[in-house]
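Chemist: Please see the structure below; I have some questions.
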Amino acid sequence: MGRALVIPTKAAQNDIKRLKRKYRGAEAELRAAFENLESDPHQGALILGAPSVRKVKIASRDIRGGKERGFRLITSWQQDRLYVMWVYAKPERKTVTPTEIRQRLEQAGL
């Protein structure tokens, strides 16, 4: 299997910009996560109520507690592409609802 094309949506790009301002290591940690997703796009737990959508946990050196308290990526695998729809820090947001995910999918035209 070749490498997957990982595409952050406009909303995810805005999420990343905000996190980079707050967490020093966010840029490098998220870049490494994207590279990892290119080689294995089906990482993370499937989210119930949202087909082909997964939640990927990422550790952050700026947030104590490893992956459990680090960053979350909400991804959607569609037509041989992996779309990153949401990026957030667990201490700032506990979860994303299936309704919010559907809204982001619609905003991105997916």
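Chemist: Let's see if you can work this out: charge +1 on each Lys and Arg Cβ, -1 on each Asp and Glu Cβ, no other charges. What is the dipole magnitude of the chain about its Cα centre, in debye to the nearest 20?
Modeler: Rounded to the nearest 20 debye, it is 520 debye.
Chemist: Hey, another quick one. Accessible area of the chain with a 1.4 Å probe: how many percent of it is carbon plus sulfur?
Modeler: 49
Chemist: Give me the angle, in degrees from 0 to 90, between the Cα long axis of helix 10-22 and the longest principal axis of the Cα atoms of the chain, rounded to the nearest 10.
Modeler: For 10-22 against the chain, the angle is about 10 degrees.
Chemist: How much of the DSSP bridge set in the chain is antiparallel, in percent, rounded to the nearest 5?
Modeler: Looking only at bridges with both residues in the chain, the antiparallel portion is about 80 percent.
Chemist: Would you mind checking the tilt of helix 98-107 against the longest principal axis of the Cα atoms of the chain, expressed as 0 to 90 degrees and rounded to 10?
Modeler: Tilt of helix 98-107: around 70 degrees.
Chemist: Got a number for the accessible area of Ile101? Probe 1.4 Å, square angstrom, nearest 10.
Modeler: So the heavy atoms of Ile101 present about 0 Å² to solvent.
Chemist: Over 18 Å between Cα atoms, which of Lys57/Lys90; Lys57/Lys94; Lys17/Lys67; Lys67/Lys90; Lys67/Lys94; Lys10/Lys67 qualify?
Modeler: Check vs 18 Å cut-off fails for Lys17/Lys67; Lys10/Lys67.
Chemist: If you project the alpha carbons of the chain onto the principal axes, what extent comes out on each, in Å, largest first?
Modeler: 35, 32, 23
The values are calculated or read from the model by the stated rules, or taken from the named source; none is laboratory data. None of the values given here were measured: they were computed from a predicted structure. Neighbour counts run over all protein chains shown; Cβ positions are idealised from the backbone, glycine included. Heavy atoms of the whole protein, side chains included, go into the accessibility calculation; ligands, DNA and RNA do not. Shrake-Rupley method; radii C 1.70, N 1.55, O 1.52, S 1.80 Å.
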